[in-house]
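Asker: Before we start, here is the structure in question, set down as structure tokens.
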Amino acid sequence: MGRAKVKRKSTTVDMTAMCDVAFLLLTFFILTTKFKPDEKIPITTPSSVASKIAPEKNFIMISLDKNGHAFLNSDMVPVKEQALDLINQEQNLGLTPGEIHKLAVMPIIGTSFNNLKAYSQLPVAALNDKLPGIPIQDTANNQLKVWMKAFVSVQRDLISDDPNAKMAVILKGDNVAKFPEFKNVIAALTENSILEFQMVTNPEGVPSGTELWKKAQSEGAKLEPVNG
Amino acid sequence: MAEMDTSSKDTGKKGPGVKKGKKMSTRVDLTPMVDLGFLLITFFMFTTTMSQPTSMNLKMPDDNANTKEQNVKQSGAMTIWLGDKNRLYYYDGELKADLSNVQMSDFKAIRQVILDKKAVTPPDDLFMIVMPGNNSTYKNIIDILDEFSIDVVERYALVNKVDTGYSANINKMDAIADQAGK
């Protein structure tokens, strides 16, 4: 009597389907990905229920790091260049056009006026949170005021040419930055008649049961759901 | 490991003198390709930023313009001090000189306080004043402004000058709270 022979099956699995799925997902991620912007100064922002996406172009960003140091950044190199030019004349810094250009293309500006000349020679790798920042601690010598004044006057010229060239002022503060520095940043803005500005936050869901939540519910899907 | 032998099916007749080319399998082992695919997926998943930062709008009054002083009714006003170590102090209406009407709170409990105040005040009179102390952080300010938007408080003001009088009061309250060990 012959024993029933169990047919030996191959252990190999067809990989084609899995490969298809893997590459489908890969394509999705490649297309949706947006790299984290290279941040020179690490800042942990607080979260809020605000659902408006922070502006990504035509902005002037003031960063306030955890030590209360202020840094300036903008995506508009020509505007930065003009503002630097103005400050250079006003404060007699003696910067050459080459140095001004170098400063304008730097990702952040974070030093006092007197050090700008030396700062323009710094390599990009040296731009980190060890920088002293723009002096704002002292109310009498709040250099951010001078910076904002220069930006405002450059903007005024721009708007006269093109009414749509409005810049958004963004404030990006760290969780543990203290109020006195924050207050001096705001003072620098309000004294230059910049009365409206945006504060960068992490998105956060509206807690259910609260008034805003009820309002959003009654308005239907009017309030966009917060991502993340 | 992932070899599949499919070329073993020899169905053709083999004559003695017929030389037949060996039939090669057209199948390719896809395992390394899948590995690579998932490796790249992992990479993109980690580098991608799903949530974009949002922004909160803040409008400040113009210090220079001679705007009409806003009339705030004492009955509808509530002042919130931001103290040290994420502490909050609040009082209704006018401050008593001995600070007897100042109450302590925190960021969880303040929601109910604001809602209670809102419930007993006509909507036009409700006004919140935030006075941050020197030891309060940026997060505290954002949190309290966020709390206003959560509770749909339309009228509020952020005091942008540290007055020695009120900062001394906040320090006093902080000292009391420290002593109480809270």
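The values are calculated or read from the model by the stated rules, or taken from the named source; none is laboratory data. What you see is a predicted model, and the numbers here were worked out from it, not measured in a lab. Positions of Cβ are backbone-derived with ideal geometry, glycine not excepted, and every protein chain shown enters the neighbour counts.
Asker: Could you tell me how many of the residues in the range A:72-104 are of a type in the set (Ser, Thr, Tyr) and surrounded by 20 or more Cβ atoms within 10 Å (Cβ to Cβ)?
Answerer: Residues meeting the conditions: 1.
Asker: Can I ask one more? For the subset of the range B:94-122 comprising residues that are touching a residue at least 24 places away in the same chain (Cβ under 8 Å) and part of a loop (DSSP other than H, G, I, E, B), which member is farthest from B:Leu82 (Cα to Cα)?
Answerer: The residue in question is B:Pro122.
Asker: When you scan the range A:32-50, do you find a residue that is in contact (Cβ under 8 Å) with a residue 24 or more places away in the chain and in a strand (DSSP E or B), even just one?
Answerer: Looking for residues that are in contact (Cβ under 8 Å) with a residue 24 or more places away in the chain and in a strand (DSSP E or B), one finds at least one in the range A:32-50, hence yes.
Here's the yes/no breakdown for (1) at the interface with chain B (Cβ under 7 Å from one of its Cβ atoms); (2) under 14 Å from the mean Cα position of the chain (by Cα); (3) buried (at least 16 other Cβ atoms within 10 Å of the Cβ):
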| residue | (1), (2), (3) |
| --- | --- |
| A:Thr32 | yes, no, no |
| A:Ser48 | yes, no, yes |
| A:Ala54 | yes, yes, yes |
| A:Phe59 | no, yes, yes |
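Asker: Also, quick follow-up: Here are some residues: A:Lys145, A:Lys166. Which one is among the charged types (D, E, K, R), assigned to a loop (DSSP other than H, G, I, E, B), in contact (Cβ under 8 Å) with a residue 12 or more places away in the chain and surrounded by fewer than 21 Cβ atoms within 10 Å (Cβ to Cβ)?
Answerer: Going through A:Lys145, A:Lys166 in turn, the sole match is A:Lys166.
Asker: Restricting to the range A:26-78, name every residue that is of a type in the set (Lys, Arg) and farther than 21 Å from A:Val105 by Cα.
Answerer: A:Lys34, A:Lys52, A:Lys66
Asker: Further, regarding this structure: Determine whether A:Ser120 is hydroxyl-bearing (Ser, Thr, Tyr), touching a residue at least 12 places away in the same chain (Cβ under 8 Å) and either touching a Cys at 6+ places or on another chain (Cβ under 6 Å) or surrounded by 15 or more Cβ atoms within 10 Å (Cβ to Cβ) (or both).
Answerer: yes
Asker: Shifting gears a bit: Just checking, does the range B:66-82 include any residue being within 11 Å of chain A (Cβ to nearest Cβ), modelled with pLDDT of 80 or more and within 21 Å of A:Val49 (Cβ to Cβ)?
Answerer: yes
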